[in-house]
């Protein structure tokens, strides 16, 4: 599948997404069905075989256990597409990995009602309040 064809088909999927940002980050992948007991270096090695991994995020629960998903950011969109094509629906670490394009986080502008100052933060960001 060609690069532009894959990107165009991913953009069509983003048009039906409800909620926050609908723009696809072409260098970022959302990977699900990851084992709950895996270390970051093993995943970094797996994803690194398809290109330079700029950032790897393994979200955790409040208790500190993995959520079974990862967000992988590559240096280029071509590397992300290659990883998408090679890893999606393949057995890795005894589980079938499911790869989807990741969406850009929408920027939310919040206003403090008392001081009328605005703060820019990504959706799902910190709830820290400044005085």
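Brief remarks on what is shown
- Burial ranking of peptide ranges 90-96, 70-76, 40-46 (average Cβ count within 10 Å, highest at the top): 70-76, 40-46, 90-96
- Note on residue 44 and residue 78: their simple-model spin labels are 2.5 nm apart, each label 7 Å out from Cα toward Cβ.
- Full extension of the segment from residue 23 to residue 100, taken as 0.36 nm per residue of separation minus the current Cα-Cα distance, would add 26.4 nm.
Each value in this text was obtained by applying a stated rule to the coordinates, not by laboratory testing. Please read these numbers as outputs of a predicted model, since none were measured by experiment. Cβ: placed from backbone, ideal geometry, glycine included. Neighbour counts: every protein chain shown.
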